Structures are given as structure tokens and as C-alpha cells.
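Data first, discussion second: the structure below is written as C-alpha cells.
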Amino acid sequence: MNTSHPIGAAPEYTQPLLYLDGVTVSFDGFRALNALSLMIAPQEMRAVIGPNGAGKTTMMDVITGKTRPDTGSVFFRGNTDLTQLDEAAIANLGIGRKFQKPTVFENQSVYDNVLLALKTDRRPAKILMAGESQNERDRIEEILGIVKLTARRHRLAGELSHGQKQWLEIGMLLAQEPQLLLVDEPVAGMTDAETDATAELLREINKTRTVVVVEHDMTFVRALDVKVTVLHEGSVLAEGSLDHVSSDTRVIEVYLGR
Amino acid sequence: MIAEKLGLFRSRLGWIVPLIIMGGTLLVAALNLLLPPDAALHVPGYVIALLGKYLCYALLALSLDLVWGYVGILSLGHGAFFALGGYAMGMYLMRQIGTRGVYGNPVLPDFMVFLNWQELPWYWYGFDHFAVALLMMALAPGLLAFVFGFLAFRSRVTGVYLSIITQALTYALLLAFFRNDMGFGGNNGLTDFKEILGADLQLAGTKACLLLASAALLSGFYLFCRRMTRSRFGKVLVAVRDAESRARFLGYRVESYKLVVFTFSAVMAGLAGALYVPQVGIINPGEFDPANSIEAVVWVAVGGRGTLVGPIIGAILVNFGKTIFTGVLPELWLFALGGLFVFVTLFMPKGVVGLWPSLMARLAQMRERLGYQQPQHQPEAEE
């Protein structure tokens, strides 16, 4: 029930954790998403690939409430329609998002970055009264350990290297304790060693959480060894194992062959 | 490393600031009240009023720093909240005049008699009670800020656009308060005050008390803001300032945070205005002038945005400079102010408060250049 999903065999009978149903988004007549339908099963890890402009980031935007689709709906845990909620509500439902460009709070310490991400009641009145419990401190230390930033906990996040910022952001995602993690190009600008370590980290996270990874780096996708969805012009072109989709002639034509 | 030093510097100053403010004003008040007027150390009455005015400006600057320095909302209309609080105080003071006005009307202020009004407009009811007036000093600016902020933040108006509409807000109020039929004294505003809480405003003792009240209010709000900005809540505010969308995707409802702080800041500004009015003896629509709000932004920038103590220093420094300058070369003051803003923006981005740590960093660099091997180097933030 964890790392070793038989590829391409997400059980059909369980309810999907995330279900995009005919989602269309246009910007000034350009269809960024074109009747996109996609199902992510609980505990699954899915890689989403596709050429530039295929709609990968727009898909993330729709799921996290940044962009409202023109038509279609996005169901989370079966009955919650995410298109009716704002970013904060969606985040509090248990969907975490990592941006393509690492986005951390640069003027605050690494420790505080994780503290800010910890799952709590986020309303101003509650936060105003909240201190830091011992439980929370332990949890922060635990997460800093997972993302290997323990030694840097008192440094400003802005002083971290690019790869460390990526990891800090993943750590912040973990602190949110989301059910579903959306990870946009986690290894962009990373060294090979960092890339391997990130793949390992995501697999570890996937033991307890559902993960959707958008990625350009094919070696990384291969390292993840999960079911792949190929997007093209805003809809799904192919789905299956990496070997399966990379032998698909249409995929080769639009993407891999170039 | 600079930030760490700045933090250290700030934390030491944190306890000193209220002590200096309270100790300094107590000393000045004592020198004014206890020494005979011909003594060498006697502080003349006008200095008391001037200092009181500076402290009210400092509180306005502090309120602006809270929204601009910590949440990134550059309000170019904070003078409006200051003026509204001032008007609420002015209305109370007008009602205290009673039959001592030029027309001797026990209820109607002079300007209403002059306009041939027969009775007090409804919105003047209750202002003869200090408690009601006090409530309105906080409520009027707070409510305006709440409604304004609710609409603006919900629509996610940010940056320059937000600054422009705050400017429009104060300009609209300026025009409205100029009108005689608004019932706030029109062009002339409210003045000729006699007493506050039964104390004669002309007495040196009353003036000294007002100065001390300003100092106490400033110190109190300073400590409160310091505590708030260092709490978890304050960390969220800085997060909103630096990476708004990250904060949103972490589940923080950014607009609620902005609204809470903006409203609180407006109440602070209103109370500053309320204490300002009895000390300068007048409130008129000129206080809504957009230029006033912009000046307050300059104080914050000069002192050091996002430091709490900086804006207090900045407000006092710039206004002290203004008092001197307008005495000597009044026609050049605006050029000096503009020049100061340009200078600070270009050469002192962290303001006066930021000078100390950057001076230390310079020194360290120089030492390094002179051959001392310093193991610590400045890690560059990658973008």
C-alpha cells in the first residue's frame, strides 16, 4: 500500500483523492487547459510531464484555487469542489503546493519558515494568541532533520543555496501535513546528487501522502519510477509507465522526439 | 549577518525606547513646572507643546510602520485616520466651551450659530461626554479603515494601486470637511478650545499632562507593537509582506491579516490625532492634506522602515528639522524634505536605525581589506 504501486494500476474501484472533470481554462482565447480530466488515487505518486505551454502549471493553479476554470470541476476526497474555494481554504483542506521557483520567507530564519508552515488554526485571532508548544518545537526539529537543514536552523532562509531552498520548501509542505502534495519542478537547478536525494525524499513522503510531481527532467522522472501523465495543449495525451508513454508515437511527436 | 546585528541592536533598544521617552518628557515637564521662568534650565511652555506634537507625530509614524514595515501596505492616506481622531477630540473640546464662546450659546458651537443653525446635528450628540468622544476617537478611524480595508484587501488591491486609493481617500475627506454644511466648521475647522476634562488648556500643568499622556500612549503602543511583531502573529505578517502567495498557499487568509493590522493601525493613528489637537489648539481640513500623509511616510523611511523604533526617531528628527528650517528658510523646506527622501532612499535604505549595523559591516570589511583574515564572509542571497 505504499512505495511499490504496480505502475499504471491505481485501483479503479477506490474513490480518487483528486478528480479533475472536464476542466477548461482560457486566457484571452488561448486554451491553457482543454477539457482536462485526470484522476489521482489515494497514496499514489504521479508524474506530470509535457512540453512548455502544455498546461502543467495552470493545472496546479486550478487545483490550488489560484485560477478559476471556465468550465469543469475539481473534486477532492470525492465531494469537495475545489473550484468554489479560495487558496487558503484549499490549503487548509490538506493540499500543499511547492512552486517552480523556490518560494520561502527569505527574511526569516529557516526554523521560523517551518514554524509558519506547521498545521494550526490559521485565523488571525488564534495565531495572535498562539505561542510555540513543545510538540511543535519537536515537530520542527524533526522536519529540519528530514530535509537536512538542522545545522542551518537559525540562518535566514534567504542565505540558503538554491537546492537548500527547494528542500526547505518541501519541508514546509511536510509541516502543513497535507494529504496531497503538488510539487512543481522540484529539481530545477539542482546538482545530480541533490536530484537523487530529492527523488528519495519524495518517495519517502509518498509512503504516507499522495504526491503529484510536475517535472521536465526525464532522468528524475525515471528515478521516481511512477505512473506518468503526458499533457499536451491542455489535455491528457497519454498515461502509463514512462516506458509506455515514451514509446507512444504521439508523445514522441509532440515532446520526446524534438 | 547584518540582519542578525540589526536584531540585536533592536532588541537592546527595545527596552530603552520607552524609558527614554518617559524619562525625557518627565524631565522636561519638571524643568518647565518646577523652575522659575528666569532660571537657566527652565523649559519654556512652547517647547512643551512642540514636544507633545512631535510625540503625536511619532505615534502616527509608528502606526504607519506597522502596516508598511511589517505587512507591506504602503498607505499614503494615514493622515486621514489621524485627522478623524483629531476631529473627534475637537468635537469634544468644542462642546466643553459652553457659554464661553463668542455667541455665548450653551449648546451650539460658534460656527453653527454663525451659520444660523438652530440645533445640534445628530452626529454631535454625546460629544459633551469624554467617554463617548474617546470611543469615537478610536471608532471613527477604525471603522473607516475596516470598511476601506475590507473592500480593498478582498479585491486583492495591492502595491501602487492600493497606495493611490488611500491617497484618494484622504483627498476625498479633505474636500468633504472643507464644506460648511458637513457640520465640522468647514474651512476654519474647530478651535478656540477652553478646557479638557475640566482642566484649563492654557495652564502649564495641563500642557505638561498632555505631553506626558502623549509619551505614555506612544510608549504603550510601542511596547505592544514590539511584542506583536515578535510573536507568531508578527512572523505571519512578515511572511505576508515578503511572499504573499506563499502565505496564501500555506493556508493563511492574507486579507484577514491585512484587515486586522490596517484597522488597528488606523485606531493608533486616530488616537495620535486626538492627543495632537488639544496640544496645537486647532483641527482643520488641512490635516487631511495628502501631503501630510506623504510626509509621514518620509518620517518612517528616514527612521528605518520595519524597525518600530526607527519611525519614532525619524518623526522626531524630521519634525525638529522642519521647526528649525521653517524658522530660518521657510521657502526651502519642501525642497529639503524632498531632497532628504531621495537621499535616504538612495544611500540609507534602512534609515537612521540601519546606519549602525552597516557601519559595523563597513568596519569589518575595511579590516578585512587591511589584511586581517576574517573567517565570516557575507553570504549573498541567490535569486
Taking amide hydrogens as modeled 1.01 Å from N in the peptide plane, which residues meet the under 5 Å criterion relative to B:L76, leaving out close sequence neighbours?
B:T166, B:Q167
Could you run the Karplus curve 6.51 cos²θ - 1.76 cosθ + 1.60 with θ = phi - 60° over region B:252-257 and give me ³J(HN,Hα) per residue in whole Hz, x for Gly and Pro?
8, 7, 4, 5, 5, 4
Per-residue average of other protein chain Cβ atoms inside 10 Å, peptide B:258-265 -> 1
Collect residues whose amide H, placed 1.01 Å from N in the peptide plane, falls under 5 Å from the amide H of A:S109; neighbours closer than 5 in sequence don't count.
A:A157
Determine the shape class of region B:121-192: with a ≥ b ≥ c the square roots of the Cα gyration tensor eigenvalues, call it rounded for a/c under 1.5, and otherwise prolate if a/b is greater than b/c, oblate otherwise.
oblate
Computed over the protein assembly as shown, Cα set: Rg, Dmax in Å:
30.1, 101
Angle check, please: helix B:78-97 long axis (alpha carbons) against the longest principal axis of chain B (alpha carbons), in degrees 0 to 90, nearest 10.
30 degrees
Once amide H atoms are built 1.01 Å from N in the peptide plane, which residues 5 or more positions from A:H232, or in another chain, come under 5 Å H to H?
A:L237
In what order do B:F233, B:F335, B:F221 fall by count of nearby beta-carbon atoms within 10 Å, going from fewest to most?
B:F335, B:F233, B:F221
Tell me, what HN-Hα J-couplings in whole Hz come from the Karplus equation 6.51 cos²θ - 1.76 cosθ + 1.60 at θ = phi - 60° for each residue of region A:102-112, using x for Gly and Pro?
x, 10, 10, 8, 4, 8, 10, 5, 4, 4, 5
Space enclosed by the convex hull of the alpha-carbon atoms of region A:11-256, per residue, Å³
136 Å³
With angles folded into 0 to 90 degrees, how steeply does helix A:162-175 sit against the dominant principal axis of chain A? Use alpha carbons for both and round to 10.
80 degrees
Suppose R0 equals 35 Å. What FRET efficiency, 1/(1 + (r/R0)^6) with r the Cβ-Cβ distance, do A:E204 and B:T158 give to the nearest 0.05?
0.40
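Rounded to the nearest 5, what % of DSSP beta bridges with both residues in the protein assembly as shown are antiparallel?
60 percent
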With everything on Cα atoms, drop me the angle between helix B:2-34 and the longest principal axis of chain B, reported from 0 to 90° to the nearest 10.
30 degrees
Consider a paramagnetic label point 7 Å from the Cα of B:D128 along Cα→Cβ; state which residues of region B:72-97 have an amide N under 16 Å from it.
B:91-97
Beta bridges by DSSP in region A:11-256, antiparallel share as percent, to the nearest 5:
55 percent
The lysines whose Cα lies under 23 Å from the Cα of B:K194, excluding any fewer than 8 residues away in the same chain, are B:K53, B:K207
For chain A, with a Gaussian network of springs between Cα atoms less than 10 Å apart, report the residue from A:F99, A:F30, A:F76 with the top mean-square fluctuation.
A:F30
Long-range share for region B:59-120, i.e. C-alpha pairs more than 14 Å apart as a percent of all pairs, stands at 66 percent
Over all directions, what mean area does the Cα convex hull of chain B project, stated in square nanometres?
22.9 nm²
Placing one equal point scatterer on each C-alpha of region B:161-290 and summing with Debye, one gets log10 I(q)/I(0) at q = 0.15, 0.19 Å⁻¹ equal to -0.93, -1.13
Note to self: C-alpha centroids of region B:291-351 and region B:155-208 sit apart, in Å, by 22 Å
Can you list the aspartates and glutamates whose alpha carbon sits under 17 Å from that of A:K119, skipping same-chain ones fewer than 8 residues off?
A:E87, A:E132, A:E136, A:D138, A:E141, A:E142, A:E169, A:E177
Which of A:K56/B:K235; A:K66/A:K148; A:K148/B:K235; A:K126/A:K207; A:K126/B:K258; A:K165/A:K207 have a Cα-Cα distance over 26 Å?
A:K56/B:K235; A:K66/A:K148; A:K126/A:K207
Summing -39500 (n - 2.57) over every DSSP H run of at least 4 in the protein assembly as shown, dividing by its residue total and rounding to the nearest 500, the 222 nm mean residue ellipticity is -18000 deg cm²/dmol
Just want the ordering: B:Y87, B:Y46, from fewest to most Cβ atoms lying within 10 Å of their own Cβ.
B:Y46, B:Y87
At what distance in nm do the modelled label points of B:A39 and B:W117 sit from each other, each positioned 7 Å from its Cα along Cα→Cβ?
4.6 nm
Scalar couplings 3J(HN,Hα) for region B:336-344 by Karplus 6.51 cos²θ - 1.76 cosθ + 1.60 (θ = phi - 60°), nearest whole Hz, x for Gly and Pro, are 4, 5, x, x, 4, 4, 4, 4, 5
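Each value in this text was obtained by applying a stated rule to the coordinates, not by laboratory testing. Since the model is a prediction, treat every value here as computed from it, not as a measurement. Here the Cβ is made from the backbone with ideal geometry for all residues, glycine too, and neighbour counts use every protein chain on show.
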